[in-house]
1. Kindly evaluate A:Val235 against the criterion of being in contact with a Leu (Cβ under 7 Å, 6 or more places away or on another chain), at pLDDT 75 or above and either closer than 19 Å to A:Ala92 by Cβ or in a helix (DSSP H, G or I) (or both).
2. From the set of residues in segment A:183-194 that are over 16 Å from A:Asn321 (Cα atoms) and among the aliphatic types (A, V, I, L, M), which is surrounded by the most Cβ atoms within 10 Å (Cβ to Cβ)?
3. When you check B:Leu322 against the structure, is it buried (at least 18 other Cβ atoms within 10 Å of the Cβ), over 14 Å from the mean Cα position of the chain (by Cα) and either on the phi > 0 side of the Ramachandran plot or modelled with pLDDT of 90 or more (or both), yes or no?
4. Tell me yes or no: at least one residue of segment B:95-110 is touching a residue at least 24 places away in the same chain (Cβ under 8 Å), in a loop (DSSP other than H, G, I, E, B) and more than 30 Å from A:Leu238 (Cα to Cα).
5. Please work out which residue is surrounded by the most Cβ atoms within 10 Å (Cβ to Cβ), limiting yourself to segment B:195-224 and to residues that are of a type in the set (Gly, Ala, Ser) and more than 13 Å from every other protein chain (Cβ to nearest Cβ).
6. Out of (1) of a type in the set (Lys, Arg); (2) within 14 Å of another protein chain (Cβ to nearest Cβ); (3) out of contact with any Leu (no Cβ under 9 Å at 6 or more places or on another chain), the odd one out for A:Lys144 is which?
7. Looking at A:Thr120, is it hydroxyl-bearing (Ser, Thr, Tyr) and crowded, with 23+ Cβ neighbours inside 10 Å?
8. Would you check which residues across segment A:214-232 are closer than 22 Å to B:Glu244 by Cβ and outside any helix (DSSP H, G or I) and list them?
Protein chains: 2
Amino acid sequence: MGGDFAPDNNIKGALDAVKERGKYIHIQLVGKAGVLKSKLKEITGSDENNIEIVNADEVITMDDSPAESFRSKPHSSMSVGLDLQKSGQSDAFMSAGNTGAILANSLFKLGRLEGISRPTIGSILPTIRGVTFVLDVGASVDCKPKHLLEYAVMGSSYMNTVLNISNPKVGLLGIGEEKSKGNELTAQTYELLEKSKINFIGNIEGGDILRGKADVVVCDGFTGNIVLKLSESFVEILRYKMKEYSEKGFFKKLWIGSFVGTFKKILKDFDYQTLGGVPLLGVNGVSFVGHGRSTPLAVKNMIFKSEIAARKNLPERIKENLKKFI
Amino acid sequence: MGGDFAPDNNIKGALDAVKERGKYIHIQLVGKAGVLKSKLKEITGSDENNIEIVNADEVITMDDSPAESFRSKPHSSMSVGLDLQKSGQSDAFMSAGNTGAILANSLFKLGRLEGISRPTIGSILPTIRGVTFVLDVGASVDCKPKHLLEYAVMGSSYMNTVLNISNPKVGLLGIGEEKSKGNELTAQTYELLEKSKINFIGNIEGGDILRGKADVVVCDGFTGNIVLKLSESFVEILRYKMKEYSEKGFFKKLWIGSFVGTFKKILKDFDYQTLGGVPLLGVNGVSFVGHGRSTPLAVKNMIFKSEIAARKNLPERIKENLKKFI
């Protein structure tokens, strides 16, 4: 029931996922059963499909307070969906709804992972070399060095386990390459990362993120959120500029088609949709967070990512790495 | 003598500025007189020109410690150049050299402006509507609320005085529009800005910066530096992607020319060169900081900006606004 285009895009994404990997995955759609059933029928044109519907009477909206949502709406689709995992009836949970509520409900239902002080939500950003994982992007705005150290372990574990990157390079987001550069938080975090067995490549600057210098970029959630939103806005601004110039007549009309096509290819590389959602890390289970504007493609890709995280038991990998790296 | 392409680009920029506004401005090139003289002759092909050379035997490099540079190199071009202003022989100083050293030398020579706790260096970023002034971008990494309040006053004063924007809109960089969203620093700064007579439009998010929601964006220097570097990297990444796709053959060769041309127009809008340098604000005088890679065009534009700042007596305007706004 979560997301700006729920339940339509969630259902469509689920159907596409089942179509591709129907033998390997089983999808449970959690929400108001009547609504989901009729929507499913509307979309597929049939009463028969391979998707299970699990009823949940309440819906957490963007206006609900995350911290209170699991008490004020105990029968929400989030709550019921996470219960399925808690009771062993599912292996992964995901939602494109209220991010704070996903965090709060997941933490309440699944519990915090042993050895982790604070769960975190990161973001996968496209780079010129592939992707980079920036965390935290808003779960914790005032962080301590040990939180960033834990983010580094969790980020490495995700990139290695789910995205198959061996020995992920971890960069500390700062304002200069030298150890001494940065603020109090980064100076102290640098020491911790240096002492750890994480593949720490040192401070990286804002300009290094999209250049793909590191596979994992750790920062406090305030900085990370600004990085994420600023990066996302680039694509929008390019589209705007594109339109502006085409209206100003810098294009010959014949060329517009080709230009737009190529431009779209470039923009697509920077589009979150192809990357799906991001994991909520540091809880004792698999919980994914989708963009509020998730398209069916984004939902489908999020399902596939969560499948890998569940199959490979990401929480266990993080626990192992906490012992191995710190 | 400062900048990656010094003294060539500085001299060329100065010559271009004199060509355009020779009646109104007088340029002093400060540095090793022999080098400057022969370079000037090499570039202009003549011994005659409208530019004064002021000798300075030492050069501050990127390796010099900013904090020590005004003691260790008392005869540097920065030191001598700032002395000219202090003694009334010039109205504005600028350099594309070591930013920290410009700040330290300017503060040492010109003194801190009355009512300002910490000088700041901002950055003018292009937006879809025009430009926005982000400050601080690295002079102070650990800031207190009152520093951000002062940045707001200084930023407003610059945008109003030099860029002619009436009643500039000031946004506080945060992670959500609500007053409560953000970290400790922004929550406290919000209160101060709300109480002031600054045209405060509230919190703005990372995505709002390039959308041009605010004319002035205030943040701590750590966050601002990351915003600046990330924004700058975007142009580079687009260029890279552009090249990648053209090599992959997505273009018909015939179209490449047109595409590149239009693309360059878009990139130019996001290019720092057209914007020139940025002011060092909060010192008792006019001091500008150029990008290390300043082209002649960037140098020329920096000269023009500093001319306006000097003519309109920017430091006095800031002092007035401190009284008016706070």
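1. Yes, satisfied.
2. Ranking the candidates gives A:Leu185 first.
3. Judged against the criteria, B:Leu322 is a match.
4. yes
5. Among those that are of a type in the set (Gly, Ala, Ser) and more than 13 Å from every other protein chain (Cβ to nearest Cβ), it is B:Ala214.
6. (3)
7. In short, yes.
8. Result: A:Ala214, A:Asp215.
The values are calculated or read from the model by the stated rules, or taken from the named source; none is laboratory data. Since the structure is predicted, the reported quantities are computational estimates derived from the model, not experimental observations. Positions of Cβ are generated from backbone atoms using ideal geometry, with glycine treated the same way; all protein chains shown enter the neighbour counts.
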